[in-house]
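Asks: I have a structure I would like to understand better, so I am pasting it below and will then ask my questions one at a time.
The values are calculated or read from the model by the stated rules, or taken from the named source; none is laboratory data. Since the structure is predicted, the reported quantities are computational estimates derived from the model, not experimental observations. Here the Cβ positions follow ideal geometry from the backbone for every residue, glycine too, while neighbour counts run over all protein chains shown.
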Amino acid sequence: MTAATARLTDAAYAGGWALVQALPEPVAQRLFRAGADVAARRGGKGVDRLRRNLARVAPDADLDALTRDALRSYARYWCEVFRLQITPVERILSATTTEGEDAFRAALAGERGVVLALPHSGNWDQAGAWCGATGAPFTTVAERLKPESLYDRFVEFRESLGMEVLPLTGGSRPPFEVLTERLEAGGMLCLMADRDLSARGIEVQLFGRTAKFPAGPASLSLKTGAVLFPVTLSFTGDAFTGGGWHIVFHPPVEHTDVPTMAQDVASAFERGIAAHPADWHMLQKLWLEDL
């Protein structure tokens, strides 16, 4: 990426971000949905990959309708992200429903540390804002974006919501080392865990096919004794009329070994994704047979 292209990319994001915040929310959501519908009709590499992924998750569904709904869900995610800094905390709290929160809060009150493992479903940034607003700050890891200024913009955004963000690569210390320290101090981590970005992934069975999940959540939990919760997210209500969010804290994963624990996380993700397939935003190759 040239310097000129990098500046244009960053400026486009900054301008779009400001515009979406300036528009009334229903108007912004309708624009994003219209864009999703155009993408569904035109197709393309990412849309086609999403469609193939959904065919494995919900083989009996109307695939055209499910793909369209999934793109609308993904558009809703981005619209909400751009508006999250101006979304009142009261709404984030009142419009969020949960399952299994008591077990999560009990673990958080202990001294062992907590690891939340999430797929790319629903609105994970909103869930992070909810955690911060309910007294559960956490550390997470972010993949570096190009240009660097865009990465910095997203880090600043997430830190404004109460998160500590570590770079996946290029940091002053290896992220695993820092994450271990946070857990040993009784802290909490939120880690995206349905797509491996390294060469050290763990093979799991996901909807009857082999995929690779990151080893980090299970490895960190075993190393520190932290409680590992798989968490799945989905949208509720209508985006145009102030819809909300649902968070499911699945039962904690038993401490056994990394492969077994990674499979337990995958099995929990299966349940959450199968319940809300349109809210799973997986536009990349995931299963080994596709790579």
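Asks: Return yes or no: is residue 176 under 24 Å from residue 224 (Cβ atoms), surrounded by fewer than 16 Cβ atoms within 10 Å (Cβ to Cβ), touching a residue at least 12 places away in the same chain (Cβ under 8 Å) and not acidic (Asp, Glu)?
Replies: Yes; evaluated as a whole, the condition is true for this residue.
Asks: Restricting attention to region 118-154, and to residues there that are crowded, with 18+ Cβ neighbours inside 10 Å and β-branched (Val, Ile, Thr), which single residue is farthest from residue 13 (Cα to Cα)?
Replies: Selected residue: 139.
Asks: Another question, if that's okay. With the structure loaded, tell me whether residue 184 is closer than 27 Å to residue 105 by Cα, surrounded by fewer than 17 Cβ atoms within 10 Å (Cβ to Cβ), modelled with pLDDT of 95 or more and of a type in the set (D, E, K, R) or whether it fails that test.
Replies: Numbers: closer than 27 Å to residue 105 by Cα: yes; surrounded by fewer than 17 Cβ atoms within 10 Å (Cβ to Cβ): yes; modelled with pLDDT of 95 or more: yes; of a type in the set (D, E, K, R): yes.
For residue 184, the condition - closer than 27 Å to residue 105 by Cα, surrounded by fewer than 17 Cβ atoms within 10 Å (Cβ to Cβ), modelled with pLDDT of 95 or more and of a type in the set (D, E, K, R) - is met.
Asks: Read through the list (1) over 22 Å from residue 112 (Cα atoms); (2) of a type in the set (Val, Ile, Thr); (3) free of Cβ contacts under 8 Å to residues at least 60 places away in the same chain, then give the number of the only condition that residue 241 fails.
Replies: (3)
Asks: Would it be correct to say that residue 28 is touching a helix residue (DSSP H, G or I) at 6+ places or on another chain (Cβ under 6 Å), over 28 Å from residue 130 (Cα atoms) and aliphatic (A, V, I, L, M)?
Replies: no
Asks: Output the qualifying pairs, or none if there are none: Cβ atoms under 6 angstrom, residues six or more apart or on different chains, first residue in region 73-90 and touching a residue at least 40 places away in the same chain (Cβ under 8 Å), second residue aromatic (Phe, Trp, Tyr).
Replies: These pairs meet every condition: 75/32; 79/32; 82/17.
Asks: Further question: Kindly indicate whether any position in region 238-247 is surrounded by fewer than 20 Cβ atoms within 10 Å (Cβ to Cβ), in contact with a strand residue (DSSP E or B) (Cβ under 9 Å, 6 or more places away or on another chain), over 29 Å from residue 291 (Cα atoms) and of a type outside the set (A, V, I, L, M, F, W, C).
Replies: Checked against the condition, which is being surrounded by fewer than 20 Cβ atoms within 10 Å (Cβ to Cβ), in contact with a strand residue (DSSP E or B) (Cβ under 9 Å, 6 or more places away or on another chain), over 29 Å from residue 291 (Cα atoms) and of a type outside the set (A, V, I, L, M, F, W, C), region 238-247 yields at least one hit.
Asks: Scan region 140-173 residue by residue and report those that are under 21 Å from the mean Cα position of the chain (by Cα) and without any contact (Cβ under 8 Å) to a residue 24 or more places away in the chain.
Replies: 145, 151, 152, 154, 155, 156, 159
Asks: Still on this structure: Go through region 117-139 and give me each residue that's over 23 Å from residue 285 (Cα atoms) and either assigned to a strand (DSSP E or B) or more than 13 Å from the chain's Cα centre (by Cα) (or both).
Replies: Result: 130, 131, 132, 133, 134, 135, 136, 137, 138, 139.
Asks: Moving on. Run down 197, 283, 206, 291 and say which single residue is within 18 Å of the chain's Cα centre (by Cα), closer than 25 Å to residue 45 by Cβ and modelled with pLDDT under 95.
Replies: Exactly one of 197, 283, 206, 291 is within 18 Å of the chain's Cα centre (by Cα), closer than 25 Å to residue 45 by Cβ and modelled with pLDDT under 95, namely 197.
Asks: Within region 67-100, work out how many residues are surrounded by 15 or more Cβ atoms within 10 Å (Cβ to Cβ) and part of a helix (DSSP H, G or I).
Replies: Of the residues in that region, 19 qualify.
Asks: Another question, if that's okay. Restricting attention to region 146-168, and to residues there that are out of contact with any Leu (no Cβ under 8 Å at 6 or more places or on another chain) and at pLDDT below 85, which single residue is nearest to residue 80 (Cα to Cα)?
Replies: Here the residue is 150.
Asks: Could you identify the single residue in 195, 144 that is touching a His at 6+ places or on another chain (Cβ under 9 Å) and over 27 Å from residue 110 (Cα atoms)?
Replies: Numbers: 144 fails: touching a His at 6+ places or on another chain (Cβ under 9 Å).
Result of the check over 195, 144: 195.
Asks: What about residue 213, is it aromatic (Phe, Trp, Tyr), crowded, with 22+ Cβ neighbours inside 10 Å, in contact with a Lys or Arg (Cβ under 9 Å, 6 or more places away or on another chain) and touching a residue at least 60 places away in the same chain (Cβ under 8 Å)? Step through it out loud before you land on a result.
Replies: On the way: aromatic (Phe, Trp, Tyr): yes; crowded, with 22+ Cβ neighbours inside 10 Å: yes; in contact with a Lys or Arg (Cβ under 9 Å, 6 or more places away or on another chain): yes; touching a residue at least 60 places away in the same chain (Cβ under 8 Å): no.
Criteria not met by residue 213.
Asks: Select from region 249-273 the residues that are small (Gly, Ala, Ser) and under 19 Å from residue 77 (Cα atoms) and list them in ascending order.
Replies: 272
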